[in-house]
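The values are calculated or read from the model by the stated rules, or taken from the named source; none is laboratory data. Everything numeric in this text was worked out from a predicted model, so none of it was measured. Positions of Cβ are backbone-derived with ideal geometry, glycine not excepted, and every protein chain shown enters the neighbour counts.
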């Protein structure tokens, strides 16, 4: 097969056209993922691409061969060669990368009310009525859980963060608690295991993730499906941060008396221990 000097995107179109009819359902899923994330292909392994597409690593290898590549490595090397050529030719500034990311984040933020107005209310009510709220995440997503817990602890009593290295405190999980689990690809195995444990303990489960088709959300009480696509090789958690901030604000509004008492107690503690620096005129 001669593809000459075609771009990788056009080359894939040609190869897919020739292979069409022999592509499986998994092949179609991989192809759909690749078309949306072609700029990231140079950085993927077969395993990470498989996680993004929701298939096995073996399916990624078979897909590569069906398109006429000797292996997935050859397909990835083709993407790396093109990326290096683009970097050599382009005179883009870092601002252009930032600009494209901002545009994508704005688009993602714009669909959040349509996607999440009702689920966000349900999640807020679950947290507001819980005895204890637990925030759970692992790997890159852990930062989201830390931030959400720090926001909520100011307005709601007994909000706990599960340390991914020491999840033992979850042994005290009760059926009047709620677990808020954050997981985005690549989905951390420990997070999924602890989600299953939360369900077995009878706690309510709120899942913040990137879609509603995952089998690991089947037992969730509330799913907050947040778009995290980005024009860069990294996911964008900007929309997820927005959702968690809105969630904390809504919990605060559901119990005004508790929120007021928590804010007063925090302010008194901060003042007593001189924890912040006052700006002097």
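Key figures
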item: Residue that is surrounded by 15 or more Cβ atoms within 10 Å (Cβ to Cβ), touching a helix residue (DSSP H, G or I) at 6+ places or on another chain (Cβ under 7 Å) and either at pLDDT below 90 or assigned by TED's automatic domain parsing to the domain that holds residue 210 (or both), where the choices are 37, 44; result: 37
item: Test for residue 5: is it modelled with pLDDT of 85 or more and surrounded by fewer than 17 Cβ atoms within 10 Å (Cβ to Cβ); result: no
item: Conditions (1) closer than 30 Å to residue 44 by Cα; (2) not in a strand (DSSP E or B); number of the one not met by residue 198; result: (1)
item: Which numbered condition residue 81 fails, given (1) over 22 Å from the mean Cα position of the chain (by Cα); (2) modelled with pLDDT of 90 or more; result: (2)
item: Within region 173-187, tally of residues that are at pLDDT below 95 and within 22 Å of residue 245 (Cβ to Cβ); result: 1
item: Subset tally (residues that are under 14 Å from the mean Cα position of the chain (by Cα), surrounded by 17 or more Cβ atoms within 10 Å (Cβ to Cβ) and without any contact (Cβ under 8 Å) to a residue 40 or more places away in the chain) for region 218-248; result: 0
item: Residue match in region 224-233 (condition: in contact with a helix residue (DSSP H, G or I) (Cβ under 6 Å, 6 or more places away or on another chain), assigned by TED's automatic domain parsing to the domain that holds residue 138 and at pLDDT 95 or above); result: yes
item: Number of the exception - residue 213 against (1) surrounded by 13 or more Cβ atoms within 10 Å (Cβ to Cβ); (2) out of contact with any helix residue (DSSP H, G or I) (no Cβ under 6 Å at 6 or more places or on another chain); (3) assigned to a loop (DSSP other than H, G, I, E, B); result: (1)
item: Region 99-110, subset at pLDDT below 90 and exposed (fewer than 14 other Cβ atoms within 10 Å of the Cβ), residue farthest from the chain's Cα centre (by Cα); result: 99
